[in-house]
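Trainee: Structure incoming, see below.
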Amino acid sequence: VICHLGFYKVILKIMFKVIKKSKFGRIGELSTNHGLIETPVFMPPATRGYVKAIDSSDLEAIDVQILLVNALHLYFKPGESFIKQMGGIHQFMGWPHPVLSDSGGFQILSFNKNKNQWAKSNEKGIEFTSPYDGSKSFITPEKAIEIQRDLNVDIIMVLDECSLNKGPKAKIKESMERTNQFAKRSFAHYQKLFKNDSNPPLIFGIAQGGPYEDLRIASLKFINQIPFHGIALGGESIGYDFEKTLMILDWLEPYIDQTRPLYSMGAGAYPENVVDLIKKGVDMFDCVSPARLARHGGLFNGEIIYRNNNLSFCSAFAKGILKISNQKFKNDKGPIDQNCQCLTCQNYSRAYLRYLLLQKDPLYYRLATIHNLKFMVNLIKEIKKFIYDD
(Lines give C-alpha, C1' and ligand atoms only; values in the text may rest on other atoms or scores of the structure.)
Protein backbone atom coordinates (compact mmCIF):
# COMPACT_ATOMS: atom_id res chain seq x y z
CA VAL A 1 0.00 0.00 0.00
CA ILE A 2 1.47 3.34 -1.03
CA CYS A 3 0.77 5.89 1.70
CA HIS A 4 1.14 9.65 1.61
CA LEU A 5 1.37 10.64 5.27
CA GLY A 6 2.62 14.15 5.90
CA PHE A 7 6.30 14.28 4.95
CA TYR A 8 6.44 10.57 3.98
CA LYS A 9 5.83 8.62 0.82
CA VAL A 10 6.52 4.98 1.61
CA ILE A 11 5.36 1.51 0.73
CA LEU A 12 3.83 -0.24 3.72
CA LYS A 13 2.92 -3.83 4.40
CA ILE A 14 -0.37 -4.09 6.25
CA MET A 15 0.65 -6.02 9.37
CA PHE A 16 -2.46 -5.47 11.50
CA LYS A 17 -6.10 -6.19 10.84
CA VAL A 18 -9.19 -5.96 13.03
CA ILE A 19 -11.10 -9.25 13.18
CA LYS A 20 -14.02 -8.29 15.42
CA LYS A 21 -15.21 -5.18 17.22
CA SER A 22 -17.87 -4.59 19.88
CA LYS A 23 -18.57 -2.28 22.81
CA PHE A 24 -16.20 -4.39 24.92
CA GLY A 25 -13.24 -3.68 22.65
CA ARG A 26 -11.78 -5.24 19.55
CA ILE A 27 -9.88 -8.32 18.46
CA GLY A 28 -7.06 -8.00 15.96
CA GLU A 29 -4.18 -9.88 14.41
CA LEU A 30 -0.64 -8.51 14.28
CA SER A 31 1.85 -10.29 12.01
CA THR A 32 5.50 -10.48 13.11
CA ASN A 33 8.58 -12.37 12.01
CA HIS A 34 8.12 -14.85 14.85
CA GLY A 35 4.42 -15.45 14.57
CA LEU A 36 0.96 -14.00 14.63
CA ILE A 37 -0.25 -12.17 17.75
CA GLU A 38 -3.96 -12.03 18.54
CA THR A 39 -4.82 -8.80 20.29
CA PRO A 40 -5.73 -7.62 22.88
CA VAL A 41 -2.58 -9.02 24.43
CA PHE A 42 -0.74 -8.71 27.75
CA MET A 43 3.03 -8.74 27.33
CA PRO A 44 4.93 -9.96 30.42
CA PRO A 45 8.14 -7.96 30.81
CA ALA A 46 11.32 -10.01 30.48
CA THR A 47 13.24 -6.80 31.12
CA ARG A 48 16.77 -8.18 31.24
CA GLY A 49 16.09 -11.17 29.01
CA TYR A 50 14.13 -13.30 31.47
CA VAL A 51 10.90 -13.39 33.45
CA LYS A 52 11.97 -13.95 37.03
CA ALA A 53 11.39 -17.44 38.46
CA ILE A 54 9.91 -19.09 35.33
CA ASP A 55 11.24 -20.37 32.01
CA SER A 56 10.10 -20.52 28.40
CA SER A 57 8.19 -23.78 28.85
CA ASP A 58 6.23 -22.21 31.73
CA LEU A 59 5.44 -19.17 29.58
CA GLU A 60 4.26 -21.34 26.70
CA ALA A 61 2.06 -23.38 29.06
CA ILE A 62 0.55 -20.09 30.28
CA ASP A 63 -0.22 -19.22 26.60
CA VAL A 64 1.90 -16.08 26.60
CA GLN A 65 2.10 -14.80 23.03
CA ILE A 66 4.81 -12.14 23.25
CA LEU A 67 7.46 -10.97 25.71
CA LEU A 68 8.87 -7.50 26.28
CA VAL A 69 12.58 -6.87 26.83
CA ASN A 70 14.33 -3.60 27.60
CA ALA A 71 16.93 -2.61 25.04
CA LEU A 72 18.73 -0.22 27.37
CA HIS A 73 19.23 -2.80 30.13
CA LEU A 74 20.46 -5.34 27.57
CA TYR A 75 22.76 -2.70 26.10
CA PHE A 76 24.52 -2.44 29.46
CA LYS A 77 24.39 -6.16 30.30
CA PRO A 78 25.25 -8.43 28.56
CA GLY A 79 25.50 -6.06 25.57
CA GLU A 80 23.64 -6.08 22.27
CA SER A 81 26.79 -7.17 20.39
CA PHE A 82 27.08 -10.24 22.60
CA ILE A 83 23.42 -11.11 22.09
CA LYS A 84 23.89 -10.70 18.34
CA GLN A 85 26.82 -13.14 18.49
CA MET A 86 24.58 -15.58 20.35
CA GLY A 87 22.11 -15.55 17.46
CA GLY A 88 19.75 -12.81 18.64
CA ILE A 89 17.42 -12.42 21.57
CA HIS A 90 15.17 -15.36 20.68
CA GLN A 91 18.06 -17.80 20.54
CA PHE A 92 19.67 -16.31 23.64
CA MET A 93 16.46 -16.55 25.71
CA GLY A 94 15.24 -19.84 24.28
CA TRP A 95 12.00 -18.11 23.31
CA PRO A 96 10.79 -18.82 19.74
CA HIS A 97 7.82 -16.43 19.82
CA PRO A 98 7.53 -12.65 19.25
CA VAL A 99 9.57 -10.16 21.28
CA LEU A 100 9.01 -6.39 21.61
CA SER A 101 11.84 -4.22 22.89
CA ASP A 102 11.31 -1.01 24.82
CA SER A 103 13.95 1.54 23.84
CA GLY A 104 14.42 2.68 27.43
CA GLY A 105 12.97 6.20 27.60
CA PHE A 106 11.13 5.51 30.84
CA GLN A 107 14.15 3.71 32.31
CA ILE A 108 16.35 6.73 31.62
CA LEU A 109 13.90 8.78 33.71
CA SER A 110 13.80 6.21 36.53
CA PHE A 111 17.59 5.63 36.56
CA ASN A 112 18.21 9.25 37.40
CA LYS A 113 15.05 10.22 39.26
CA ASN A 114 15.86 7.88 42.14
CA LYS A 115 19.22 9.58 42.52
CA ASN A 116 17.87 13.11 42.05
CA GLN A 117 20.07 13.38 38.97
CA TRP A 118 17.86 14.27 36.04
CA ALA A 119 18.70 13.16 32.54
CA LYS A 120 19.97 15.90 30.25
CA SER A 121 18.62 15.99 26.73
CA ASN A 122 19.20 18.08 23.64
CA GLU A 123 18.36 17.86 19.97
CA LYS A 124 21.00 15.13 19.50
CA GLY A 125 19.95 12.70 22.24
CA ILE A 126 19.79 12.06 25.98
CA GLU A 127 22.59 11.95 28.54
CA PHE A 128 21.97 9.95 31.71
CA THR A 129 23.68 8.12 34.55
CA SER A 130 24.16 4.37 34.17
CA PRO A 131 22.44 2.37 36.94
CA TYR A 132 25.23 -0.20 36.77
CA ASP A 133 28.43 1.75 37.34
CA GLY A 134 27.35 5.38 37.72
CA SER A 135 29.07 6.45 34.51
CA LYS A 136 27.65 9.01 32.11
CA SER A 137 25.97 7.55 29.05
CA PHE A 138 24.56 9.17 25.93
CA ILE A 139 22.05 7.68 23.53
CA THR A 140 20.62 8.99 20.27
CA PRO A 141 17.44 7.90 18.48
CA GLU A 142 19.62 6.29 15.81
CA LYS A 143 21.66 4.34 18.38
CA ALA A 144 18.47 3.06 20.01
CA ILE A 145 17.31 1.63 16.67
CA GLU A 146 20.72 0.02 16.07
CA ILE A 147 20.69 -1.65 19.50
CA GLN A 148 17.28 -3.16 18.81
CA ARG A 149 18.36 -4.26 15.33
CA ASP A 150 21.27 -6.17 16.88
CA LEU A 151 18.91 -7.78 19.40
CA ASN A 152 16.85 -8.95 16.39
CA VAL A 153 13.50 -8.25 18.04
CA ASP A 154 10.16 -8.39 16.25
CA ILE A 155 8.88 -4.95 17.33
CA ILE A 156 11.16 -1.94 17.77
CA MET A 157 10.16 1.05 19.90
CA VAL A 158 11.53 4.49 19.07
CA LEU A 159 13.53 6.43 21.63
CA ASP A 160 11.34 8.90 23.50
CA GLU A 161 11.91 11.45 26.22
CA CYS A 162 9.56 10.29 28.94
CA SER A 163 7.23 13.05 30.13
CA LEU A 164 6.65 13.57 33.84
CA ASN A 165 3.26 13.16 35.46
CA LYS A 166 3.69 16.61 37.00
CA GLY A 167 5.77 19.60 36.02
CA PRO A 168 5.80 22.95 34.22
CA LYS A 169 3.81 22.78 31.02
CA ALA A 170 6.55 24.54 29.08
CA LYS A 171 9.08 21.89 30.12
CA ILE A 172 6.76 19.03 29.23
CA LYS A 173 5.96 20.66 25.88
CA GLU A 174 9.67 20.89 25.11
CA SER A 175 10.06 17.22 26.04
CA MET A 176 7.09 16.26 23.86
CA GLU A 177 8.42 18.16 20.87
CA ARG A 178 11.81 16.48 21.29
CA THR A 179 10.11 13.08 21.39
CA ASN A 180 8.33 13.94 18.14
CA GLN A 181 11.60 14.83 16.43
CA PHE A 182 13.24 11.70 17.82
CA ALA A 183 10.39 9.69 16.29
CA LYS A 184 10.94 11.29 12.89
CA ARG A 185 14.68 10.55 13.00
CA SER A 186 14.06 7.03 14.29
CA PHE A 187 11.82 6.15 11.39
CA ALA A 188 14.27 7.58 8.87
CA HIS A 189 17.11 5.52 10.38
CA TYR A 190 14.90 2.43 10.49
CA GLN A 191 14.25 2.84 6.75
CA LYS A 192 17.99 3.19 6.11
CA LEU A 193 18.98 0.14 8.16
CA PHE A 194 16.32 -2.19 6.75
CA LYS A 195 15.98 -0.88 3.17
CA ASN A 196 17.27 -4.18 1.73
CA ASP A 197 15.50 -6.44 4.24
CA SER A 198 12.49 -8.29 2.84
CA ASN A 199 11.17 -9.05 6.35
CA PRO A 200 12.15 -6.16 8.61
CA PRO A 201 10.96 -5.90 12.20
CA LEU A 202 7.95 -3.71 12.96
CA ILE A 203 8.47 -0.26 14.45
CA PHE A 204 6.13 1.62 16.80
CA GLY A 205 6.06 5.35 17.51
CA ILE A 206 5.42 6.84 20.96
CA ALA A 207 3.17 9.82 21.73
CA GLN A 208 3.93 11.86 24.84
CA GLY A 209 2.54 15.08 26.33
CA GLY A 210 2.35 14.43 30.07
CA PRO A 211 -0.90 15.34 31.85
CA TYR A 212 -1.95 18.04 29.36
CA GLU A 213 -4.78 17.38 26.91
CA ASP A 214 -3.61 19.75 24.17
CA LEU A 215 -0.05 18.40 24.28
CA ARG A 216 -1.26 14.80 24.17
CA ILE A 217 -3.42 15.51 21.13
CA ALA A 218 -0.65 17.45 19.36
CA SER A 219 1.85 14.65 19.93
CA LEU A 220 -0.51 11.92 18.74
CA LYS A 221 -1.35 13.89 15.59
CA PHE A 222 2.35 14.25 14.83
CA ILE A 223 3.11 10.56 15.43
CA ASN A 224 0.10 9.58 13.30
CA GLN A 225 1.74 11.29 10.32
CA ILE A 226 4.67 8.86 10.42
CA PRO A 227 3.84 5.41 8.98
CA PHE A 228 4.72 3.38 12.05
CA HIS A 229 3.23 -0.11 12.29
CA GLY A 230 1.73 0.75 15.68
CA ILE A 231 1.22 3.68 18.03
CA ALA A 232 2.15 3.70 21.72
CA LEU A 233 1.18 6.04 24.52
CA GLY A 234 4.05 6.74 26.90
CA GLY A 235 5.03 8.91 29.81
CA GLU A 236 4.90 8.69 33.57
CA SER A 237 1.13 9.35 33.44
CA ILE A 238 0.46 6.13 31.50
CA GLY A 239 0.06 3.15 33.81
CA TYR A 240 1.72 4.96 36.70
CA ASP A 241 -1.48 6.96 37.29
CA PHE A 242 -4.24 4.71 36.01
CA GLU A 243 -7.10 7.16 36.41
CA LYS A 244 -5.08 9.68 34.41
CA THR A 245 -4.37 6.96 31.84
CA LEU A 246 -8.09 6.47 31.26
CA MET A 247 -8.62 10.22 31.03
CA ILE A 248 -5.86 10.53 28.43
CA LEU A 249 -7.42 7.68 26.41
CA ASP A 250 -10.72 9.60 26.44
CA TRP A 251 -8.98 12.75 25.21
CA LEU A 252 -7.26 10.89 22.39
CA GLU A 253 -10.13 8.66 21.28
CA PRO A 254 -11.16 10.90 18.31
CA TYR A 255 -7.55 11.03 17.07
CA ILE A 256 -6.50 7.38 17.40
CA ASP A 257 -5.72 5.68 14.09
CA GLN A 258 -7.97 2.62 14.19
CA THR A 259 -5.99 0.89 11.43
CA ARG A 260 -2.96 0.43 13.69
CA PRO A 261 -2.56 -1.34 17.04
CA LEU A 262 -2.65 0.89 20.11
CA TYR A 263 -0.14 0.12 22.87
CA SER A 264 -0.55 1.60 26.36
CA MET A 265 2.95 1.35 27.84
CA GLY A 266 3.38 0.14 31.40
CA ALA A 267 -0.36 -0.26 31.98
CA GLY A 268 -2.13 -3.38 33.24
CA ALA A 269 -1.05 -3.73 36.87
CA TYR A 270 -4.32 -5.29 38.01
CA PRO A 271 -7.02 -7.37 36.29
CA GLU A 272 -9.59 -4.58 36.47
CA ASN A 273 -7.09 -2.30 34.69
CA VAL A 274 -7.00 -4.74 31.78
CA VAL A 275 -10.81 -4.70 31.52
CA ASP A 276 -10.85 -0.89 31.40
CA LEU A 277 -8.01 -0.67 28.87
CA ILE A 278 -9.60 -3.11 26.45
CA LYS A 279 -12.96 -1.32 26.67
CA LYS A 280 -11.09 1.90 25.76
CA GLY A 281 -9.76 0.26 22.59
CA VAL A 282 -6.22 -0.59 23.73
CA ASP A 283 -4.71 -3.58 21.92
CA MET A 284 -1.41 -4.11 23.76
CA PHE A 285 -0.20 -3.51 27.31
CA ASP A 286 2.57 -4.60 29.66
CA CYS A 287 3.30 -4.27 33.35
CA VAL A 288 5.77 -5.79 35.81
CA SER A 289 3.21 -5.73 38.63
CA PRO A 290 1.43 -9.11 38.13
CA ALA A 291 4.70 -11.05 38.40
CA ARG A 292 6.14 -8.76 41.08
CA LEU A 293 2.99 -8.97 43.19
CA ALA A 294 3.12 -12.75 42.95
CA ARG A 295 6.68 -12.91 44.24
CA HIS A 296 5.69 -10.72 47.20
CA GLY A 297 2.68 -12.80 48.19
CA GLY A 298 -0.11 -11.06 46.22
CA LEU A 299 -2.13 -13.59 44.21
CA PHE A 300 -5.03 -12.75 41.90
CA ASN A 301 -8.43 -14.10 42.86
CA GLY A 302 -11.70 -13.21 41.17
CA GLU A 303 -14.20 -14.05 38.49
CA ILE A 304 -15.64 -12.56 35.30
CA ILE A 305 -19.35 -11.88 35.80
CA TYR A 306 -22.18 -10.90 33.50
CA ARG A 307 -24.29 -8.04 34.83
CA ASN A 308 -26.54 -5.67 32.90
CA ASN A 309 -24.66 -6.48 29.68
CA ASN A 310 -21.52 -4.90 31.13
CA LEU A 311 -18.19 -6.58 31.74
CA SER A 312 -17.04 -6.15 35.31
CA PHE A 313 -14.27 -7.52 37.46
CA CYS A 314 -15.60 -8.93 40.71
CA SER A 315 -13.50 -10.04 43.66
CA ALA A 316 -13.82 -10.81 47.34
CA PHE A 317 -10.44 -9.20 47.94
CA ALA A 318 -9.14 -5.66 47.46
CA LYS A 319 -8.17 -5.21 43.81
CA GLY A 320 -8.64 -8.96 43.37
CA ILE A 321 -5.49 -9.72 45.39
CA LEU A 322 -5.26 -12.52 47.92
CA LYS A 323 -2.47 -11.99 50.47
CA ILE A 324 -1.24 -15.54 50.80
CA SER A 325 0.90 -14.82 53.88
CA ASN A 326 -2.27 -14.15 55.91
CA GLN A 327 -2.68 -16.44 58.92
CA LYS A 328 -6.20 -17.44 57.81
CA PHE A 329 -4.71 -19.45 54.92
CA LYS A 330 -2.53 -21.62 57.17
CA ASN A 331 -4.91 -24.59 56.99
CA ASP A 332 -6.70 -23.72 53.75
CA LYS A 333 -6.81 -26.73 51.43
CA GLY A 334 -8.37 -24.84 48.53
CA PRO A 335 -6.63 -23.44 45.45
CA ILE A 336 -5.84 -19.77 44.97
CA ASP A 337 -8.84 -19.51 42.65
CA GLN A 338 -11.29 -22.37 42.15
CA ASN A 339 -11.99 -21.27 38.58
CA CYS A 340 -8.34 -21.08 37.52
CA GLN A 341 -6.87 -23.85 35.36
CA CYS A 342 -3.20 -22.99 35.89
CA LEU A 343 -0.69 -25.60 37.06
CA THR A 344 -0.57 -24.00 40.52
CA CYS A 345 -4.31 -23.97 41.17
CA GLN A 346 -4.74 -27.50 39.82
CA ASN A 347 -2.08 -29.00 42.08
CA TYR A 348 -1.34 -26.89 45.16
CA SER A 349 -3.29 -25.52 48.11
CA ARG A 350 -3.25 -22.05 49.63
CA ALA A 351 -1.77 -23.61 52.79
CA TYR A 352 1.15 -25.09 50.86
CA LEU A 353 1.84 -21.85 48.98
CA ARG A 354 1.77 -19.89 52.22
CA TYR A 355 4.25 -22.37 53.71
CA LEU A 356 6.57 -22.02 50.70
CA LEU A 357 6.43 -18.23 50.86
CA LEU A 358 7.27 -18.14 54.56
CA GLN A 359 10.18 -20.50 53.86
CA LYS A 360 11.27 -18.19 51.01
CA ASP A 361 11.62 -21.23 48.81
CA PRO A 362 12.22 -20.58 45.08
CA LEU A 363 9.38 -22.98 44.25
CA TYR A 364 6.91 -20.44 45.65
CA TYR A 365 8.13 -17.73 43.27
CA ARG A 366 7.67 -20.03 40.28
CA LEU A 367 4.20 -21.26 41.25
CA ALA A 368 2.95 -17.81 42.21
CA THR A 369 4.24 -16.18 39.01
CA ILE A 370 2.65 -18.91 36.89
CA HIS A 371 -0.71 -18.25 38.53
CA ASN A 372 -0.76 -14.45 38.21
CA LEU A 373 0.36 -14.46 34.58
CA LYS A 374 -2.08 -17.24 33.66
CA PHE A 375 -4.84 -15.31 35.40
CA MET A 376 -4.15 -12.28 33.20
CA VAL A 377 -4.04 -14.37 30.03
CA ASN A 378 -7.30 -16.15 30.91
CA LEU A 379 -8.99 -12.85 31.77
CA ILE A 380 -8.25 -11.57 28.27
CA LYS A 381 -9.60 -14.80 26.78
CA GLU A 382 -12.85 -14.24 28.67
CA ILE A 383 -13.06 -10.67 27.42
CA LYS A 384 -12.55 -11.91 23.86
CA LYS A 385 -15.62 -14.12 24.30
CA PHE A 386 -17.66 -11.00 25.10
CA ILE A 387 -16.30 -9.29 22.00
CA TYR A 388 -16.95 -12.28 19.71
CA ASP A 389 -20.47 -12.70 21.06
CA ASP A 390 -21.26 -8.96 20.87
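The values are calculated or read from the model by the stated rules, or taken from the named source; none is laboratory data. Since the model is a prediction, treat every value here as computed from it, not as a measurement. Cβ placement follows ideal geometry from the backbone for every residue including glycine, while neighbour counts extend to all protein chains displayed. Surface areas here come from the heavy atoms of the whole protein model, side chains and all, with no ligands, DNA or RNA. Shrake-Rupley method; radii C 1.70, N 1.55, O 1.52, S 1.80 Å.
Trainee: Scan the range 216-225 residue by residue and report those that are closer than 20 Å to residue 156 by Cα and open to solvent by 10 Å² or more (accessible area, probe 1.4 Å).
Mentor: 222, 224, 225
Trainee: Something else about it: Determine whether residue 274 is at pLDDT 95 or above, within 18 Å of residue 388 (Cα to Cα) and open to solvent by less than 10 Å² (accessible area, probe 1.4 Å).
Mentor: Working: at pLDDT 95 or above: no; within 18 Å of residue 388 (Cα to Cα): yes; open to solvent by less than 10 Å² (accessible area, probe 1.4 Å): yes.
Answer is no for this residue.
Trainee: Name the strands (runs of 3 or more DSSP E) wholly inside the range 101-203 in which the number of residues that are closer than 29 Å to residue 213 by Cβ is 3 or more. Working first, answer last.
Mentor: Working: elements: 126-129, 136-139, 155-157.
Qualifying strands (runs of 3 or more DSSP E): 155-157.
Trainee: Next question. Does any residue of the range 181-194 turn out to be farther than 30 Å from residue 82 by Cβ and either exposed (fewer than 15 other Cβ atoms within 10 Å of the Cβ) or not acidic (Asp, Glu) (or both)? Give the steps one after another, and end with the answer.
Mentor: First pass over the range 181-194, keeping only residues farther than 30 Å from residue 82 by Cβ: 181, 184.
This time we only want the ones that are either exposed (fewer than 15 other Cβ atoms within 10 Å of the Cβ) or not acidic (Asp, Glu) (or both), so: 181, 184.
Yes: one or more hits.
Trainee: Now for a different question. When the range 341-371 is examined, which residues are found to be in a helix (DSSP H, G or I), aromatic (Phe, Trp, Tyr) and in contact with a helix residue (DSSP H, G or I) (Cβ under 7 Å, 6 or more places away or on another chain)? Show your work before the answer.
Mentor: Going residue by residue through the range 341-371, those that are in a helix (DSSP H, G or I) are 343-347, 350-359, 362-371.
Those left that are additionally aromatic (Phe, Trp, Tyr): 352, 355, 364-365.
If the condition is that a residue be in a helix (DSSP H, G or I), aromatic (Phe, Trp, Tyr) and in contact with a helix residue (DSSP H, G or I) (Cβ under 7 Å, 6 or more places away or on another chain), then 364, 365 are the ones that fit.
Trainee: Under the condition of being buried (at least 21 other Cβ atoms within 10 Å of the Cβ) and not aliphatic (A, V, I, L, M), which residue from the range 43-63 is nearest to residue 135 (Cα to Cα)?
Mentor: Looking at residues that are buried (at least 21 other Cβ atoms within 10 Å of the Cβ) and not aliphatic (A, V, I, L, M), I get 45.
Trainee: Got a sec? Which of 333, 374 is at pLDDT 95 or above, of a type in the set (D, E, K, R) and either assigned to a strand (DSSP E or B) or open to solvent by less than 40 Å² (accessible area, probe 1.4 Å) (or both)?
Mentor: Working: 333 fails: either assigned to a strand (DSSP E or B) or open to solvent by less than 40 Å² (accessible area, probe 1.4 Å) (or both).
Answer to the selection: 374.
Trainee: Which one of these does residue 321 not meet: (1) hydrophobic (A, V, I, L, M, F, W, C); (2) out of contact with any helix residue (DSSP H, G or I) (no Cβ under 8 Å at 6 or more places or on another chain); (3) open to solvent by less than 70 Å² (accessible area, probe 1.4 Å); (4) at pLDDT below 95?
Mentor: It is condition (2) that residue 321 fails.
Trainee: Starting from the range 33-45, take each residue that is of a type in the set (Gly, Ala, Ser) and list its partners that are surrounded by fewer than 23 Cβ atoms within 10 Å (Cβ to Cβ), counting only C-beta distances under 6 angstrom and pairs at least six apart or across chains.
Mentor: The qualifying pairs are 35/97.
Trainee: Now for a different question. I'd like to know if the range 108-120 contains one or more residues that are open to solvent by 80 Å² or more (accessible area, probe 1.4 Å), at pLDDT below 95 and touching a Leu at 6+ places or on another chain (Cβ under 9 Å).
Mentor: Yes - at least one qualifying residue is present in the range 108-120.
Quick grid of which residues meet (1) touching a helix residue (DSSP H, G or I) at 6+ places or on another chain (Cβ under 7 Å); (2) surrounded by fewer than 20 Cβ atoms within 10 Å (Cβ to Cβ):
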position: 235; (1), (2): no, no
position: 240; (1), (2): no, yes
position: 247; (1), (2): no, yes
position: 252; (1), (2): yes, no
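Trainee: Test of understanding: among 228, 204, which residue is within 18 Å of residue 157 (Cβ to Cβ), open to solvent by less than 10 Å² (accessible area, probe 1.4 Å), in contact with a Pro (Cβ under 9 Å, 6 or more places away or on another chain) and in contact (Cβ under 8 Å) with a residue 40 or more places away in the chain? Please lay out each step first, then the result.
Mentor: On the way: 228 fails: in contact with a Pro (Cβ under 9 Å, 6 or more places away or on another chain).
Answer to the selection: 204.
Trainee: Please indicate, with yes or no, whether at least one residue in the range 278-289 is closer than 22 Å to residue 344 by Cα, open to solvent by 10 Å² or more (accessible area, probe 1.4 Å) and either of a type in the set (Asp, Glu) or assigned to a helix (DSSP H, G or I) (or both).
Mentor: Of all residues in the range 278-289, those closer than 22 Å to residue 344 by Cα come to 287-289.
Filter once more, keeping what is open to solvent by 10 Å² or more (accessible area, probe 1.4 Å): 287-289.
Checking which are either of a type in the set (Asp, Glu) or assigned to a helix (DSSP H, G or I) (or both) leaves us with 289.
Yes: the range 278-289 contains one or more residues that are closer than 22 Å to residue 344 by Cα, open to solvent by 10 Å² or more (accessible area, probe 1.4 Å) and either of a type in the set (Asp, Glu) or assigned to a helix (DSSP H, G or I) (or both).
Trainee: Return the residues of the range 64-96 that are open to solvent by less than 70 Å² (accessible area, probe 1.4 Å), more than 25 Å from residue 111 (Cα to Cα) and either more than 22 Å from the chain's Cα centre (by Cα) or small (Gly, Ala, Ser) (or both); say none if nothing qualifies.
Mentor: 87, 88, 94
Trainee: Ok, one more. Out of everything in the range 125-175 that is open to solvent by 10 Å² or more (accessible area, probe 1.4 Å) and under 21 Å from the mean Cα position of the chain (by Cα), what residue ends up being modelled with the lowest pLDDT?
Mentor: So, considering only residues that are open to solvent by 10 Å² or more (accessible area, probe 1.4 Å) and under 21 Å from the mean Cα position of the chain (by Cα), the one modelled with the lowest pLDDT is 164.
Trainee: A further question on this structure: Looking only at the range 1-26, which residues are open to solvent by less than 60 Å² (accessible area, probe 1.4 Å), in contact with a strand residue (DSSP E or B) (Cβ under 7 Å, 6 or more places away or on another chain) and at pLDDT 50 or above?
Mentor: Going residue by residue through the range 1-26, those that are open to solvent by less than 60 Å² (accessible area, probe 1.4 Å) are 3, 5, 8, 10, 12, 15-16, 20, 22, 24-26.
Those left that are additionally in contact with a strand residue (DSSP E or B) (Cβ under 7 Å, 6 or more places away or on another chain): 3, 10, 12, 15-16, 20, 24, 26.
Residues satisfying the conditions are 10, 12, 15, 16, 20, 24, 26.
Trainee: Tell me yes or no: at least one residue of the range 360-367 is at pLDDT 95 or above, of a type in the set (Lys, Arg), within 22 Å of the chain's Cα centre (by Cα) and open to solvent by less than 90 Å² (accessible area, probe 1.4 Å). Give the steps one after another, and end with the answer.
Mentor: Kept after step one, since they are at pLDDT 95 or above, are these residues of the range 360-367: 360-367.
Still in the list and also of a type in the set (Lys, Arg): 360, 366.
The next check asks that each one be within 22 Å of the chain's Cα centre (by Cα); those that pass are 366.
Within this subset, residues satisfying the condition of being open to solvent by less than 90 Å² (accessible area, probe 1.4 Å) are 366.
Scanning the range 360-367 turns up at least one residue that is at pLDDT 95 or above, of a type in the set (Lys, Arg), within 22 Å of the chain's Cα centre (by Cα) and open to solvent by less than 90 Å² (accessible area, probe 1.4 Å).
Trainee: Kindly provide the set of residues from the range 249-276 that are under 21 Å from residue 159 (Cα atoms) and among the β-branched types (Val, Ile, Thr), ordered by number.
Mentor: Once the filter is applied, which keeps residues that are under 21 Å from residue 159 (Cα atoms) and among the β-branched types (Val, Ile, Thr), the range 249-276 yields only 256.
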